[in-house]
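A.B. asks: Okay, handing you the structure first.
The values are calculated or read from the model by the stated rules, or taken from the named source; none is laboratory data. Remember, it's a predicted structure, so these values are computed and weren't measured experimentally. Note that each Cβ is placed from the backbone with ideal geometry, even for glycine, and that neighbours are counted across all protein chains shown.
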Amino acid sequence: MRRGNFAQVTSRPAAAPNLQELAKLRRVRDRMDREYARPLDVEALARGVDMSAGHLSRQFKLAYGESPYSYLMTRRIERAMALLRRGDLSVTEVCFEVGCSSLGTFSTRFTELVGVPPSVYRRDAAQATEGMPSCLAKQVTRPVRNREAPTASRT
């Protein structure tokens, strides 16, 4: 194969997922929504829908705008926010309750999405949503994806 042809083949953007693949991606996303607290990795998720891990990651990001790992961590942080608002669990307990195995990774990702560390959120969130129905509290405290939350250092 000539070099010119090779460049044309490899420089094409990834094709959009077809309907069959979209159904598989939806199953993966639904599984993450249901089983967020269980140990999940891209390889196991991919095996569940007969895809390679790399292909799943590429197609998931193409379809949903973020990687499977990022999506899963967002689900975990959403649940962690609810648990922290309750106030009866420590940050460490919440970390493990939502399926994270590293307190450092949990705290870093929480801060990126929410804008404050989990300990500060735990301290302040109960007061901010006091008297508010839980369904409304969940909506107004939903984490922002893709590191968009303002932090004290950026304001």
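A.B. asks: Hey, can you tell me all the residues within the range 43-84 that are buried (at least 21 other Cβ atoms within 10 Å of the Cβ) and either under 19 Å from Pro117 (Cβ atoms) or in contact (Cβ under 8 Å) with a residue 60 or more places away in the chain (or both)?
C.D. replies: Met73, Arg76, Ile77, Ala80, Met81, Leu84
The rows are residues; the columns are (1) modelled with pLDDT of 95 or more; (2) touching an Asp or Glu at 6+ places or on another chain (Cβ under 8 Å).
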{"residue": "Pro17", "(1), (2)": "no, no"}
{"residue": "Leu25", "(1), (2)": "yes, no"}
{"residue": "Ala53", "(1), (2)": "yes, yes"}
{"residue": "Leu56", "(1), (2)": "yes, no"}
{"residue": "Val91", "(1), (2)": "yes, no"}
